[in-house]
1. Across segment 91-116, which residue is surrounded by the fewest Cβ atoms within 10 Å (Cβ to Cβ) among those that are β-branched (V, I, T) and under 14 Å from K35 (Cα atoms)?
2. When you scan segment 10-45, how many residues do you find that are acidic (D, E) and modelled with pLDDT of 95 or more?
3. Is it fair to say Q114 is in a helix (DSSP H, G or I), without any contact (Cβ under 8 Å) to a residue 24 or more places away in the chain and among the polar types (S, T, N, Q)?
4. Test A76 against the stated conditions and say whether it is among the small types (G, A, S), closer than 28 Å to F14 by Cβ, in contact with a Phe, Trp or Tyr (Cβ under 7 Å, 6 or more places away or on another chain) and part of a helix (DSSP H, G or I).
5. Any residue at all in segment 78-90 that's touching a helix residue (DSSP H, G or I) at 6+ places or on another chain (Cβ under 7 Å), of a type in the set (A, V, I, L, M) and either surrounded by fewer than 20 Cβ atoms within 10 Å (Cβ to Cβ) or in contact (Cβ under 8 Å) with a residue 40 or more places away in the chain (or both)?
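The values are calculated or read from the model by the stated rules, or taken from the named source; none is laboratory data. Because the structure is predicted, anything quoted here is derived from the model rather than measured. As a convention, Cβ positions derive from the backbone with ideal geometry for all residues, glycine included, and neighbour counts pool all protein chains shown.
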Amino acid sequence: MTTQLLDLDILTKFEKHTPPNIIPKIVAMFFSEIKTRYEKLVQAAEQEDMDKLEREAHAFKGSAGALGAKKLHEVAIKLEDAANNQHIQEINQLLNSLPTLIDDSIAALKFYFQHIELLE
């Protein structure tokens with residue numbers, strides 16, 4: 001499951017190039033930020049603000065990609081494209097899939113970083 005959700009190459013590089021005392025802060029910040037970004041995506045979709053949705057999807061994509069959350073990154077790419085093309089039905093389907101995917105990705109990251117005491 002972990003390898004389906006996460007890009008282990010990115011995570012390995014992240015660990016190699018990030019001071020160990022900083023990793024828990026970055027990971028905790030990601031956990032909080034990704035949920036906030038999801039809320040902003042939903043709000044933009046409810047307001048049918050495709051420009052805001054596209055910007056939020058782009059930011060979501062960057063956050064997910066930087067921490068190796070591969071499946072979240074892939075969904076964010078599709079969401080950004082759907083917003084750009086104003087495909088409302090696809091946007092709603094993608095947004096509906098995100099809560100479970102966010103939870104699963106957070107669980108996978110916690111498992112991956114289990115050797116480090118993470119901040120909650």
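1. Per the stated criteria, the residue is T100.
2. So the count comes out to 1.
3. No; evaluated as a whole, the condition is false for this residue.
4. So A76 fits the description; yes.
5. no
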